[in-house]
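See structure below.
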Amino acid sequence: MSKERELISVLEKQLDRADNLLAAVEKALRNDIPKIGRTGNAAVMVAGLVENYYSCLETAYHKISQHFENSLDSERWHIDLLNKMTLRIEGIRVAAVSEPAFGPLQELQRFRHFKRYYFDLEYDWDRIDFIVKKLRQAHPLAKADLQNFIGFLEDVLKP
């Protein structure tokens, strides 16, 4: 299997996972939260799903970065990775993240960082509502961007 075909498979798998994680967030908001209430524990549940969603996309971006041998700043590689995914590198690759997707994805990245490293993050529902709004904005854009990137890779494979 060529490296491009392998990357396409990885990206398609991550897209399916992202769809499933968004569906899990929506299901939790629609079914679980009305039953248990907008408690701190319920907020932690939604925050965890959002964290997993961004990690899923970041895995896709990291695989793209590895494939195209992008060097990443070891101190700030998470944000460096997201920034580099916005680059169209002439003769090498198209951008994997469009400018419209970058803002909401950056908010998700920041949220994931704080959730992971600052354990005293307050899980209030204003913050959860905001990050879910950003997730809903990011998903169709990030999905379209990755599908476009897959199309680019498929074009590379054409004789």
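The values are calculated or read from the model by the stated rules, or taken from the named source; none is laboratory data. If you're wondering where the values come from, they're calculated on a predicted model, not measured in any experiment. Using ideal geometry, Cβ is built from the backbone for each residue, glycine included, and neighbour counts are taken over all protein chains shown.
Of a type in the set (Ser, Thr, Tyr), part of a loop (DSSP other than H, G, I, E, B) and over 15 Å from Phe111 (Cα atoms) - does that describe any residue in the stretch 54-65? So that I can check it myself, show each step before the final result.
Start the filter on the stretch 54-65 by keeping residues that are of a type in the set (Ser, Thr, Tyr), which leaves 54-55, 59, 61, 65.
This time we only want the ones that are part of a loop (DSSP other than H, G, I, E, B), so: none.
Within the stretch 54-65, none of the residues are of a type in the set (Ser, Thr, Tyr), part of a loop (DSSP other than H, G, I, E, B) and over 15 Å from Phe111 (Cα atoms).
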Log entry, pairs with first residue in the stretch 36-54 being closer than 23 Å to Val97 by Cβ and free of Cβ contacts under 8 Å to residues at least 40 places away in the same chain, second being in a helix (DSSP H, G or I) and not hydroxyl-bearing (Ser, Thr, Tyr), beta carbons closer than 7 Å, six or more apart or on different chains, reads Leu49/Leu21; Leu49/Ala24; Leu49/Val25; Leu49/Ala28; Asn52/Leu21
Out of (1) of a type outside the set (A, V, I, L, M); (2) out of contact with any Ser or Thr (no Cβ under 6 Å at 6 or more places or on another chain); (3) assigned to a helix (DSSP H, G or I), the one Glu69 does not meet is (3)
Residue, farthest from Phe130 (Cα to Cα), within the stretch 10-58, restricted to residues that are within 19 Å of the chain's Cα centre (by Cα) and exposed (fewer than 12 other Cβ atoms within 10 Å of the Cβ) = Asp16
Do we have any residue at all in the stretch 86-109 that's acidic (Asp, Glu), under 13 Å from the mean Cα position of the chain (by Cα), at pLDDT 80 or above and at negative phi?
-> yes
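Basic (Lys, Arg) and in contact with a Leu (Cβ under 9 Å, 6 or more places away or on another chain), is that true of Arg38? Steps first, answer last, please.
Values: basic (Lys, Arg): yes; in contact with a Leu (Cβ under 9 Å, 6 or more places away or on another chain): no.
Considered against the rule, which asks whether it is basic (Lys, Arg) and in contact with a Leu (Cβ under 9 Å, 6 or more places away or on another chain), Arg38 comes out as no.
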Apart from one, (1) more than 15 Å from Leu146 (Cα to Cα); (2) surrounded by 17 or more Cβ atoms within 10 Å (Cβ to Cβ) all hold for Ile64; the odd one out is (1)
Is there a residue being touching a Leu at 6+ places or on another chain (Cβ under 6 Å) and among the small types (Gly, Ala, Ser) anywhere in the stretch 69-81?
-> no
